[in-house]
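Take a look at the structure below.
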Amino acid sequence: MATREYNRGFVDPFWDDEYVTLEYINEPFNNARDMKNWRLQGFTHEHYTGNLCDMRNQQPSWNNQVIDWAEREFGLKDVGTAYYNMETGVILPLHGDTYKAYRAKFECKIKECYRVLVFLKGWSSGHYFEIAGDPITKWEPGDWIGWSGSLKHMAANLGTEPRYTLQITGHR
């Protein structure tokens, strides 16, 4: 029997919709090699990322609860959070996270990094996530997916509603 390369679970939502009003910033994708490959594959977008509100900006009032939960649930150290708003038409093709700034700050190896993606809002038509070749749709608020290192994944919003997620990063 094959084992999955990622974990799935659920946390009872303890958050409100404060994440909608955060100060989101669009930053360029930081892996030139992946971007070159995407162009060769026919992806011609100018921007490949949604909008991010990470720990450099004001986080929601309940963010410390997120950090406490991630430390307990996954045994993570040096937990960082980033809220992600993917607007209509954003496509983030297949890639593996590099955790470049995180690894530099905490002096850890990529295989020690652990990412948890928490769906803050329920699925809407056109929202898509895929990891290790498995499509994920129809999620509920509180559904999460966690993985180690640079496991390949992709995301898109082909619908008309914003797609909100929380990215938690830590290491063991």
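Details
- Close pairs (9 angstrom Cβ cut-off, 6 or more residues apart or separate chains): over 20 Å from D97 (Cα atoms) and touching a residue at least 40 places away in the same chain (Cβ under 8 Å) in the range 8-34, among the hydrophobic types (A, V, I, L, M, F, W, C) and in a helix (DSSP H, G or I) anywhere: V11/W69; F14/V66; F14/W69; W15/V66
- Residues that are buried (at least 18 other Cβ atoms within 10 Å of the Cβ) and touching a residue at least 60 places away in the same chain (Cβ under 8 Å), drawn from the range 111-120: V118, L120
- In the range 76-110, the qualifying residues are those that are of a type in the set (D, E) and touching a residue at least 40 places away in the same chain (Cβ under 8 Å), and the one that is farthest from F129 (Cα to Cα) is D78.
- The residues of the range 84-121 that are within 15 Å of the chain's Cα centre (by Cα), within 28 Å of P13 (Cβ to Cβ) and either part of a loop (DSSP other than H, G, I, E, B) or polar (S, T, N, Q) (or both), listed by number, are N85, E87, V90, D97, Y99, L120, K121.
- Hits in the range 125-148 (condition: surrounded by 15 or more Cβ atoms within 10 Å (Cβ to Cβ) and either modelled with pLDDT under 95 or among the polar types (S, T, N, Q) (or both)): S148
- Failed condition for I67, given (1) outside any strand (DSSP E or B); (2) within 20 Å of R163 (Cβ to Cβ); (3) among the hydrophobic types (A, V, I, L, M, F, W, C): (2)
- Looking across the range 1-57, the residues that are touching a Phe, Trp or Tyr at 6+ places or on another chain (Cβ under 6 Å), closer than 20 Å to A156 by Cα and assigned to a loop (DSSP other than H, G, I, E, B) come down to Y6, F29, Y48, T49, G50.
- Criterion violated by Y164 - all others in (1) among the hydroxyl-bearing types (S, T, Y); (2) within 14 Å of R4 (Cβ to Cβ); (3) crowded, with 20+ Cβ neighbours inside 10 Å satisfied: (2)
The values are calculated or read from the model by the stated rules, or taken from the named source; none is laboratory data. Quick caveat: nothing in here was measured; it's all calculated off a predicted structure. Please note: Cβ atoms are built from the backbone with ideal geometry, for glycine as well, and neighbour counts cover all protein chains shown.
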